[in-house]
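The values are calculated or read from the model by the stated rules, or taken from the named source; none is laboratory data. Keep in mind the model is a prediction, meaning the values are calculated, not measured. No Cβ is skipped: glycine too gets one built from the backbone with ideal geometry, and neighbour counts run over all protein chains shown. Just the protein is used for accessible areas: all its heavy atoms, side chains included, with ligands, DNA and RNA removed. Shrake-Rupley method; radii C 1.70, N 1.55, O 1.52, S 1.80 Å.
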Amino acid sequence: MDDTMSYKSRFERLKIRSQILKKEHWTERKKRIKAFGEFLLVNENRIGLAVQKDIGKPLVEVSISEVYPVITEIKHAVENLKTWIEPELIDAPFTYLGTRSKIIYEPKGVCLIIGAWNFPVNLCLGPLISCLAAGNTAILKPSELTPNTSRLLCDLIKEFFDEDLVTVVEGGVDVSTELLKLPFDHIFFTGSSGVGKIVMRAAAENLSSVTLELGGKSPTIIDDTANLADAARRIAFGKFLNNGQTCIAPDYVLIKESSKEKFIELLKNEVEKSFGDKSPIDVSSPNYSRIINEKHFDRLQQLILDATTRGAKTEWTGSINRGERFMHPVILSNVSMDSKIMEEEIFGPVLPIISYSSTDKIVEIVNAKAKPLALYVFSTSKKFQKRIMEETSAGSVCINDCVLQFTHPNLPFGGVNSSGIGKSHGKYGFLAFSNEKAVLKQRSGFSMPYLLHPPYTSRVKKLVDIMMRWF
Ligand code: NAD
């Protein structure tokens, strides 16, 4: 009860500040975001150590996958804010002669950002940059599963921002549940599809708008024309980065039976070369991350057991260490479509390889599942690429590479239906946190619509007929 009151009072303070922000010149936002980028770089080491403590990520990987994407988001916003914020003048059609219209990008107000644990800095601060670029205030709720990072984010935000501009609330489900009762102007949630539904239900109570960045099973399709060695190198990185705990990681591979064996050999070599530093991967491999906690470790072991019990063949495995949350990469083949591993998002270093007999079969397998966050196609055939793109749906598609689409500053990022609602990053993130306010101004005493006012004489009727036919 006390906490709820304190959230409410924090919310009220953020609301007052958001009113002030509405009148602030956009250059102030730009200065603030730029300075925050410099502050983050100064604190890069603190960030690295906190994330490493929580999730065992190598420090360089923290820089690449946590700090760098936020810095890119900042640079992009600083360079483009002037263009994004500029009111957009809209052409008047003939029937609107005499009027002038424009779209104004108004800040939504007070926003809630709920983050996931797998990229605990990137997934909180990335959306925060879009939120601030659009002129809002925010409450940030990092994941409780990365407590050191959550504490550090709380400290960093306190050190840099006024508390009525951005504030961090730490905690788990209880805290999220209480926060979600408040009438936020926008909720930006990153997490699982199951919790996404809870968030959307709570948002409905206040009719808060939402961006839901969710997960799913991202298929990776390799056809006969693909360069197998190149595909193996790129899939090794995309799948085993962060120990497979990446929302857009390839979830399963679809490949022709005739190329399967060769691809598995190439993939094993690539994974070992990258993450074992050319030695077998074990608990001492410095470039290989850990599973977040024992619950997820056990979940992954269960998925493997269920698949092998149903006839899957283990193509590659190695040591495990539950206490260290270490799990060697696992490759499975002959996986039954009824296995749990082919039903739920894997989110770990396990890769099922499924053989397909025809392109029809690929489309059937992909479309039998919920629409994924990402879809990868490795092929040099334009016809094949086109067919897969036309006959399937996904939040994003990457051809002949994987995960790269996430960091492209000019591409929207997000899912479709159960993999997400709304888009983020760059201009699209700015738009998610903005109300695109339509403004129409009447300029003259006379306007075309005036001719349609009642009384509905035969002249009005004739005019309506003409309009229907010609305008
Ligand atoms: P999660 O849904 O369990 O938790 C996400 C956040 O929601 C956390 O901050 C948590 O405290 C909060 N939460 C959990 N249960 C809640 C409840 N009942 N009510 C209110 N809030 C609740 O997700 P996770 O395990 O942290 O992250 C993994 C999932 O996130 C995967 O499905 C992954 O694909 C997805 N993900 C998506 C993206 C993306 O950009 N689309 C990025 C990263 C992760």
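Brief remarks on what is shown
- Qualifying residue in the stretch 151-169 (condition: touching a Lys or Arg at 6+ places or on another chain (Cβ under 7 Å), open to solvent by 50 Å² or more (accessible area, probe 1.4 Å) and within 16 Å of the ligand (Cβ to nearest atom)): no
- Just so you know, in the stretch 387-417 the residues that are open to solvent by 50 Å² or more (accessible area, probe 1.4 Å) and part of a helix (DSSP H, G or I) include one that is farthest from Ser209 (Cα to Cα), and it is Arg387.
- A Cβ distance below 6 Å, combined with a sequence gap of six or more or placement on separate chains, defines the contacts here; from the stretch 184-198, residues that are in contact (Cβ under 8 Å) with a residue 60 or more places away in the chain reach residues that are among the basic types (Lys, Arg) in the pairs Asp185/Lys108; His186/Lys108.
- Failed criterion for Glu178 (all others in (1) open to solvent by 10 Å² or more (accessible area, probe 1.4 Å); (2) closer than 26 Å to Glu38 by Cβ hold): (2)
- Top-ranked residue in the stretch 424-470 [being assigned to a loop (DSSP other than H, G, I, E, B) and surrounded by 10 or more Cβ atoms within 10 Å (Cβ to Cβ); ranked as nearest to the chain's Cα centre (by Cα)]: His425
- Strands (runs of 3 or more DSSP E) wholly inside the stretch 42-124 that include at least 2 residues being open to solvent by 30 Å² or more (accessible area, probe 1.4 Å): 88-90, 99-107
- Of Leu145, Leu128, Leu123, Leu112, all but one fail to be without any contact (Cβ under 8 Å) to a residue 40 or more places away in the chain, within 16 Å of the ligand (Cβ to nearest atom) and aliphatic (A, V, I, L, M); the exception is Leu128.
- For Ser143, the stated conditions hold: it is touching a Phe, Trp or Tyr at 6+ places or on another chain (Cβ under 6 Å), over 13 Å from Ser18 (Cβ atoms), hydroxyl-bearing (Ser, Thr, Tyr) and outside any helix (DSSP H, G or I).
- Considering (1) assigned to a loop (DSSP other than H, G, I, E, B); (2) open to solvent by 10 Å² or more (accessible area, probe 1.4 Å), the lone condition that Gln301 does not fulfil carries the number (1).
- Residues of the stretch 371-384 that are touching an Asp or Glu at 6+ places or on another chain (Cβ under 9 Å) and either more than 16 Å from the ligand (Cβ to nearest atom) or open to solvent by 30 Å² or more (accessible area, probe 1.4 Å) (or both): Val377, Phe378, Ser379, Thr380, Ser381, Phe384.
- Note on the stretch 181-210: residues that are more than 8 Å from the ligand (Cβ to nearest atom), open to solvent by 20 Å² or more (accessible area, probe 1.4 Å) and not in a loop (DSSP other than H, G, I, E, B) total 8.
- For the stretch 309-355, a tally of residues being open to solvent by 50 Å² or more (accessible area, probe 1.4 Å), touching a residue at least 12 places away in the same chain (Cβ under 8 Å) and either under 20 Å from Lys262 (Cα atoms) or among the β-branched types (Val, Ile, Thr) (or both) returns 5.
- For the residues Pro454, Pro412, Pro449, Pro372, the requirement of being in contact with a Ser or Thr (Cβ under 9 Å, 6 or more places away or on another chain) and at pLDDT below 95 singles out Pro449.
- Leu228 being among the aliphatic types (A, V, I, L, M), closer than 28 Å to Thr392 by Cα, more than 13 Å from the ligand (Cβ to nearest atom) and open to solvent by 20 Å² or more (accessible area, probe 1.4 Å): yes
- Residue within the stretch 275-297 that is open to solvent by 10 Å² or more (accessible area, probe 1.4 Å), within 16 Å of the ligand (Cβ to nearest atom) and free of Cβ contacts under 8 Å to residues at least 12 places away in the same chain present: yes
- Any hit, the stretch 24-40, residues being in contact (Cβ under 8 Å) with a residue 40 or more places away in the chain, of a type in the set (S, T, N, Q) and either crowded, with 18+ Cβ neighbours inside 10 Å or over 17 Å from Asp155 (Cα atoms) (or both): no
- Top-ranked residue of the stretch 211-225 - restricted to ones that are more than 16 Å from the ligand (Cβ to nearest atom) and part of a loop (DSSP other than H, G, I, E, B), ranked as least open to solvent (accessible area, probe 1.4 Å): Asp223
- Some residue of the stretch 254-271 being open to solvent by 50 Å² or more (accessible area, probe 1.4 Å) and part of a strand (DSSP E or B): yes
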